[in-house]
Amino acid sequence: MSHSFGIVGLGLIADFHAQAIQSMSNGELVAGVDIAAERVKAFSERFGCAGYTSLEEMLRHPGLDIVIICTPSGAHMEPALQAIAAGKHVIIEKPLEVTLEKCDRIIEAADKQGVRVTTIFPSRFHEISREIKQAVQDRRFGTITMADAYVKWYRTQQYYDDGGWHGTLALDGGGALMNQSIHAIDLLQWFLGPVKSVQAYTDTLGHERIEVEDTAVAVLRFHNGAMGVIEGSTAVYPGYLKRIEIGGTDGSVILEESSLKAWQFRNELPEDASIRERHAARPDSGGGASDPAAISFKPHQMQLQEFIDSLDAGKPSLVEREEGRHAVEIILAIYESAKTGREVTL
């Protein structure tokens, strides 16, 4: 079954969604909407779709059934609710929203209307991410003792000065964690399960004129007993690929973006050598470590494809609506801990 997509908010990330849709066999980009007329004109000419400056008008576009929200993070809820009310399935760029109240309003509206909502977490769609998830489920790590996420990225001062909304509490909802590290935080909680509590510090150390953190460190306790650390920054020059480390009494895995640095288990299986070989360190995209545009649209394409396949099959997708809420809850707990100086239980 073919699906027709419309995109709300035609900034940088919209181009990656457009390329992803155009690479799909059963997806078509039919429309885009933005409040800036010149941006609408450029986008519609570049991707050969209809252009609108009114979301209400775009939602009436013939055949449109899926709406992708690419507005600033703190402005996701309003267009999402409009699209849901119009009976459209909705895909929302990370984060789902910047407060739990707004996340819950989106989820409740989708449930009431009977439409599907997902959040963009393309890192889940690397093949190696699924291998790690399976290894956890198969209890190959024994007792997992430590699980860590390191996102030491770099953003220039100009990135914040020119962005209009980057670095603002109202529209960014947070800094290095809410905007950049959220992908790694999602992977960590997807692999390990729910976080029980956090103790954290945040600060703005490498930038001026922003309302949010550019450096954060948090210590976690997971419900399964494991401990962990999240380090997130946009003030580490020149910026490095995000890194996930999981270790236990029977094995360890270290993942750098989509490349394996370690895959070692006490009980070696025949497929382990193949996994190491297939996912060994290899040229990758920049992963967004120092340039937000230095990413591939392929993981977005994989997620969009999986979402419409799940729609057609009437099955849950890999990132159901509540999944987008989990990472936001962890990040907001980190912010609360840093502000109060206390351990925060989720």
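The values are calculated or read from the model by the stated rules, or taken from the named source; none is laboratory data. What you see is a predicted model; the values in this text were computed from it and never measured. For neighbour counting, all protein chains shown are included, and Cβ atoms are generated from backbone atoms with ideal geometry for every residue, glycine included.
Answer with yes or no whether GLN113 is free of Cβ contacts under 8 Å to residues at least 12 places away in the same chain and among the polar types (S, T, N, Q).
For GLN113, the condition - free of Cβ contacts under 8 Å to residues at least 12 places away in the same chain and among the polar types (S, T, N, Q) - is not met.
One line per residue, one yes/no per condition, for (1) at negative phi; (2) assigned by TED's automatic domain parsing to the domain that holds PHE191; (3) not β-branched (Val, Ile, Thr):
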{"residue": "ILE254", "(1), (2), (3)": "yes, yes, no"}
{"residue": "PHE265", "(1), (2), (3)": "yes, yes, yes"}
{"residue": "ALA273", "(1), (2), (3)": "yes, yes, yes"}
{"residue": "ASP312", "(1), (2), (3)": "yes, no, yes"}
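Could you look through segment 189-209, keep only residues that are within 27 Å of THR168 (Cβ to Cβ) and among the hydroxyl-bearing types (Ser, Thr, Tyr), and pick out the one that is surrounded by the most Cβ atoms within 10 Å (Cβ to Cβ)? Let's see the steps before the verdict.
Of segment 189-209, the ones within 27 Å of THR168 (Cβ to Cβ) are 189, 195, 198-209.
Then keep just the ones that are among the hydroxyl-bearing types (Ser, Thr, Tyr); that gives 201-202, 204.
On the way: TYR201: 14, THR202: 22, THR204: 18.
Out of the qualifying residues, it is THR202.
I'm checking my understanding of the structure. Among residues of segment 210-233 that are charged (D, E, K, R) and free of Cβ contacts under 8 Å to residues at least 60 places away in the same chain, which one is surrounded by the fewest Cβ atoms within 10 Å (Cβ to Cβ)?
GLU211
Which of the residues spanning segment 23-52 are touching a strand residue (DSSP E or B) at 6+ places or on another chain (Cβ under 7 Å), surrounded by fewer than 16 Cβ atoms within 10 Å (Cβ to Cβ) and not charged (D, E, K, R)?
ASN26
Name the single residue, out of those in segment 287-315 being of a type in the set (Gly, Ala, Ser) and in contact with a Gly (Cβ under 8 Å, 6 or more places away or on another chain), that is modelled with the highest pLDDT.
Per the stated criteria, the residue is ALA289.
Name the strands (runs of 3 or more DSSP E) wholly inside segment 1-104 in which the number of residues that are within 20 Å of ARG116 (Cα to Cα) and of a type outside the set (Gly, Ala, Ser) is 3 or more.
Once the strands (runs of 3 or more DSSP E) in segment 1-104 are filtered for at least 3 residues that are within 20 Å of ARG116 (Cα to Cα) and of a type outside the set (Gly, Ala, Ser), what remains is 3-8, 27-33, 66-69, 89-92.
Residues are listed down the side, and each one gets a yes or a no for (1) under 23 Å from ASP309 (Cα atoms); (2) within 16 Å of the chain's Cα centre (by Cα):
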position	(1), (2)
MET1	yes, no
ILE13	yes, yes
GLU28	yes, no
PRO62	yes, no
ILE66	yes, no
LYS102	no, no
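How many residues are modelled with pLDDT of 95 or more and either on the phi > 0 side of the Ramachandran plot or in contact with a Phe, Trp or Tyr (Cβ under 9 Å, 6 or more places away or on another chain) (or both) when one looks only at segment 129-167?
Final tally of qualifying residues: 17.
Considering each residue of segment 234-251, count those that are more than 30 Å from HIS166 (Cβ to Cβ) and either crowded, with 17+ Cβ neighbours inside 10 Å or without any contact (Cβ under 8 Å) to a residue 24 or more places away in the chain (or both), and give that number.
Selection size over segment 234-251: 4.
Based on this model, can you work out whether GLY87 counts as touching a residue at least 24 places away in the same chain (Cβ under 8 Å), at positive phi and assigned by TED's automatic domain parsing to the domain that holds GLY11? Step through it out loud before you land on a result.
Details: touching a residue at least 24 places away in the same chain (Cβ under 8 Å): yes; at positive phi: yes; assigned by TED's automatic domain parsing to the domain that holds GLY11: yes.
Yes: the conditions hold for GLY87.
If GLY193 satisfies all but one of (1) in contact with a Ser or Thr (Cβ under 9 Å, 6 or more places away or on another chain); (2) closer than 25 Å to VAL344 by Cα; (3) of a type in the set (Gly, Ala, Ser), what's the number of the condition it fails?
Of (1) in contact with a Ser or Thr (Cβ under 9 Å, 6 or more places away or on another chain); (2) closer than 25 Å to VAL344 by Cα; (3) of a type in the set (Gly, Ala, Ser), only one is false for GLY193: (1).
Assess whether PHE191 counts as being closer than 18 Å to VAL136 by Cβ, in contact with a Leu (Cβ under 6 Å, 6 or more places away or on another chain) and modelled with pLDDT of 95 or more.
Considered against the rule, which asks whether it is closer than 18 Å to VAL136 by Cβ, in contact with a Leu (Cβ under 6 Å, 6 or more places away or on another chain) and modelled with pLDDT of 95 or more, PHE191 comes out as no.
Would you say ILE128 is in a helix (DSSP H, G or I), touching a His at 6+ places or on another chain (Cβ under 8 Å) and of a type in the set (Val, Ile, Thr)?
yes
Return the pair list, or none, for Cβ contacts closer than 9 Å from residues in segment 290-301 that are within 17 Å of GLN158 (Cα to Cα) to residues that are of a type in the set (A, V, I, L, M, F, W, C), at least 6 apart or on different chains.
Matching pairs, first to second residue: SER290/TRP153; PRO292/LEU12; PRO292/ILE13; ALA293/LEU12; ALA293/PHE16.
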